[in-house]
Amino acid sequence: MKDLHDKVMTVRMTPLALVTERLPRVVRDLARAVNKQVELDVQGAEIEIDRAILEELSDPLQHVLRNAVDHGIEPPHLRLLAGKPATGRLALTARRERDRVILELADDGRGLDPERLRQAAVARGVLAPEQAAALSDREALMLCCLPGVSTADQVTELSGRGVGMDSVKRTVEALGGTLEVESAPGLGARVTFRLPLTVAVQPVLLVRVGEEVLGLPIAKVHGAAQVELSRLDRSRGEPVLPYDGELVPVRDLSRLLGFPAAAGDVRAVVVAEGGEPGRVGLAVDALLGQHEAVLKPLGSPLETVPGLSAVTVLGTGRPVFILDVQRLFA
């Protein structure tokens, strides 16, 4: 079986060049649209990665490139005044570190100002002033990955205000990777993707809620039980289930997701990690067993739906959404 798995993985491994070979022309076209001079240098395109991951990388990479050309690289006359060459430089570098592929996209443009990002986050109501002030510059730079937070002064046809890094970050994380933004004002910016070599295969617990089948990551599930909801203790206002020495609040998953209310008093309750409130019990209609899921990132507009983290496809062809319980209660 291991030999078969290795052969399958070998077939799936694909050079990054499949995506990167067209990016220099994309950059030239983007630069021409905003009357700038920009060149892209690509190194490490021979590095191989799982085809399923590579297929999801094209849009995030182009999004970061678009932001860099539109908002990062200065117009030629401003670059000359700053002592820079008139032509802006973008560098996409790939390397392999153990079981990860590291992609770095760097530019020599105006960079990001962490203080302006703090101010933008406060203005958008994302952070309170004291929360923003407490952030390090490294943490403040990651604010550009929050919805609507941007330091761009003008809306452009090419990339709006340069927002959308939240979508890029979600895609990278859904692939099992991480995203980091580094910058210094006037010196450019660098966006680093750290990605697994192979697509994430995650065990999930399949549950039925009404007519829908959903998945919960097994790593976040503590246990499950059949429960008569009417017999749960409600003296604290919401029903609670005694579990492992504590009282776990029970929420109806159909109501949380806006599905039609489920009928019947006897329900399956899945005890899962709920983030800030700790463990939470999710009442569902039925437990359908464990499934080894190949996860794929959500596309627009589903990526903004609270509580959804990814999607998988069953052997029958049926798509199943994977829940992020912590985001569900955020």
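The values are calculated or read from the model by the stated rules, or taken from the named source; none is laboratory data. In this text the structure is predicted, and so the values were computed from the model without any measurement. Reconstructed Cβ throughout: ideal geometry from the backbone, glycine too, with neighbour counts over all protein chains shown.
Below, the figures for the structure above:
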quantity: Strands (runs of 3 or more DSSP E) contained entirely in region 174-274, each with at least 2 residues that are closer than 30 Å to LEU80 by Cα and either out of contact with any Lys or Arg (no Cβ under 7 Å at 6 or more places or on another chain) or of a type in the set (Val, Ile, Thr) (or both); calculated: 178-184, 188-196
quantity: In region 279-330, the residues that are among the aliphatic types (A, V, I, L, M) and within 13 Å of the chain's Cα centre (by Cα); calculated: LEU295, LEU298, LEU302, VAL305, LEU308, ALA310, VAL311
quantity: Qualifying residue in region 262-280 (condition: in the same structural domain as GLU228 (by TED's automatic domain parsing), surrounded by fewer than 17 Cβ atoms within 10 Å (Cβ to Cβ) and among the hydrophobic types (A, V, I, L, M, F, W, C)); calculated: yes
quantity: Candidate set: region 130-143, residues that are outside any helix (DSSP H, G or I) and among the small types (Gly, Ala, Ser); chosen: the one farthest from ALA184 (Cα to Cα); calculated: ALA134
quantity: Region 214-253, residues that are of a type in the set (A, V, I, L, M, F, W, C), under 16 Å from GLY289 (Cα atoms) and surrounded by 18 or more Cβ atoms within 10 Å (Cβ to Cβ); calculated: LEU214, LEU216, VAL221, ALA224
quantity: Scope region 119-145; condition of a type outside the set (A, V, I, L, M) and free of Cβ contacts under 8 Å to residues at least 24 places away in the same chain; matching residues; calculated: GLN119, GLY125, PRO129, GLU130, GLN131, SER136, ASP137, GLU139
quantity: Positions within region 84-126 being under 25 Å from ASP59 (Cα atoms) and among the polar types (S, T, N, Q), in sequence order; calculated: THR87, THR93
quantity: Residue identified as without any contact (Cβ under 8 Å) to a residue 24 or more places away in the chain and surrounded by 13 or more Cβ atoms within 10 Å (Cβ to Cβ) among LEU288, LEU295, LEU308, LEU256; calculated: LEU308
quantity: From the options ARG194, ARG170, ARG190, residue that is of a type in the set (Lys, Arg) and at pLDDT below 90; calculated: ARG170
quantity: Residue in region 27-35 that is among the basic types (Lys, Arg), in contact with a Pro (Cβ under 8 Å, 6 or more places away or on another chain) and on the phi < 0 side of the Ramachandran plot present; calculated: no
quantity: Criterion: within 30 Å of GLU139 (Cβ to Cβ), aliphatic (A, V, I, L, M) and touching a residue at least 40 places away in the same chain (Cβ under 8 Å) - qualifying residue of ALA224, ALA184; calculated: ALA184
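Okay, residues lined up against (1) among the polar types (S, T, N, Q); (2) assigned by TED's automatic domain parsing to the domain that holds ALA189; (3) loosely packed, with under 15 Cβ neighbours inside 10 Å; (4) more than 23 Å from the chain's Cα centre (by Cα):
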position	(1), (2), (3), (4)
ARG89	no, yes, no, yes
THR93	yes, yes, no, no
ARG118	no, no, no, no
VAL126	no, no, no, no
ALA133	no, no, yes, yes
ASP137	no, no, no, no
